[in-house]
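Working notes, beginning with the structure itself.
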Amino acid sequence: MNYDQFADLYDHQYDLYRDDLHFYAGVAQRAGGKVLEVGAGTGRVTTFLARKGVDVVGLEPSARMIERARNRAAHDGLQSQFVQGDVRTFRLDEQFSLLIAPFNALMHLYTPNEQLQALENLRAHAAPGTPFVFDLYVPRFGKMNTLRHEGETFHAPDGSRRDVFLVQRHDKARQHITTEYHVDTTQPDGCLTRQHYTLTQRYYTRYEVEWLLRFAGFESPKVTGSFQGGPLDTHSEVMVFQSRVM
């Protein structure tokens, strides 16, 4: 998934998402030491952790996303470190006290081989007993193959507005959900332009993840259905996994 063209829309969509921030800050502060964040994106979590005094490195494959992340950190007067790289193949000459992959970062590993390669590479950057914490959304989707507007409208200072429409397609055999975004920008004079983006994610089930972690050399995880620690049940929207390197 190439996020270079998607970075601006991503920032608009998720800049105000706060559900996970205090959870990951608490995990980082309890762990102590240096933190590796996988899939740092535009630095939403990274800069929050840095603001809390956490020494964090944000790993992100997209140069455009890193550019926005660095701008965010600079705006806040923070010295955050971002590294461009693929979670499957990156190499850093250090080990970390905590590994985190917030906000569905692992959903860009599309095959079992990619998933295993990524987890083994993460394990190589941490000592036994190092916590590995991440979250994934529970795979429940809206109506497929139907154009819909889910309330995402962004107003700009120049009087223009952007409306985000989407169509989702489900490949059940591969556990892929593909979202086609159609972003309409309307200028004050009524001129309309449209941009198109495609996002494909590989979703997971709970026990699939548990077995994958154990196979890759991590402990059987604690699993909750919220960032506040509630049980994973039919009403949960997120699966939160807390494991450790074996």
Using the heavy atoms of the protein chains alone and a 1.4 angstrom probe, what is the accessible area of segment 50-116 per residue in square angstrom?
-> 50
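How long is the gain from Glu237 to Asp76 if the chain were fully straight, where each residue apart is worth 0.36 nm and the alpha carbon distance is subtracted? It would help to have the intermediate numbers written out before the result.
Numbers: separation 161, 0.36 × 161 = 57.96 nm, distance 3.08 nm.
Full-extension gain reported as 54.9 nm.
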Could you order peptides 143-156, 160-173, 69-82, 118-131 by the average number of other Cβ atoms within 10 Å of their residues, highest first?
-> 118-131, 69-82, 160-173, 143-156
Please check which bits of segment 194-223 a label hung off Glu150 would reach, taking the label as a point 7 Å along Cα-to-C-beta and the cut-off as backbone N under 16 Å.
-> 197-204
Carbon and sulfur atoms: what percent of the 1.4 Å accessible area of the chain do they account for?
-> 49
Ranked from highest to lowest mean number of other Cβ atoms within 10 Å per residue, what is the order of the peptides 41-52, 224-235?
-> 41-52, 224-235
Please give the net charge around Pro128, taking every other residue with its beta carbon less than 15 angstrom from that of Pro128, where Lys and Arg add +1 and Asp and Glu add -1.
-> +1
Inter-label distance for Asp19 and Asp4, nm, one decimal - labels placed 7 Å from Cα along Cα-to-Cβ | 3.2
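May I have the convex hull volume per residue, in Å³, for the Cα set of the chain?
Expressed per residue, the convex hull around the Cα atoms of the chain is 128 Å³.
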Take the alpha-carbon centre of segment 168-233, take the same for segment 1-20, and report the distance between them in whole Å.
-> 13
On a 0 to 90° scale, report how tilted helix 206-215 is relative to the longest principal axis of the chain, with both axes built from alpha carbons and the result rounded to the nearest 10.
-> 40
With a sphere of radius 15 Å drawn around the Cβ of Asp19, what net charge do the other residues whose Cβ falls strictly inside it have (Lys, Arg +1; Asp, Glu -1)?
-> -2
Estimated 222 nm signal from helices in the chain, with DSSP H stretches of n ≥ 4 weighted -39500 (n - 2.57), rounded to 500 = -7500 deg cm²/dmol
Charge context of Phe48, other residues only, Cβ under 11 angstrom, K/R +1, D/E -1 = +2
What is the calculated FRET efficiency for Arg30 to Gln187, with r their C-beta to C-beta distance and R₀ = 45 Å, to the nearest 0.05?
-> 0.35
Cα axis of helix 112-123 to longest principal axis of the chain: angle in degrees, 0 to 90, nearest 10?
-> 60
For segment 97-138 and segment 39-53, compute the distance between their C-alpha centroids and round to whole Å.
-> 17
Taking the Cα centre of the chain as origin and charging only Cβ (+1 Lys, Arg; -1 Asp, Glu), how large is the dipole, in debye to the nearest 20?
-> 440
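What fraction of the DSSP beta bridges in the chain is antiparallel, stated in percent and rounded to the nearest 5?
Restricted to the chain, the bridges split so that about 70 percent are antiparallel.
The values are calculated or read from the model by the stated rules, or taken from the named source; none is laboratory data. From a predicted model like this one, the values you see are computed outputs, not experimental measurements. When we count neighbours, we look across all protein chains shown, and the Cβ atoms used for this are built from the backbone with ideal geometry, even at glycine. To get the accessible areas, we keep the full protein, side chains included, count just its heavy atoms, and leave off ligands, DNA and RNA. Shrake-Rupley method; radii C 1.70, N 1.55, O 1.52, S 1.80 Å.
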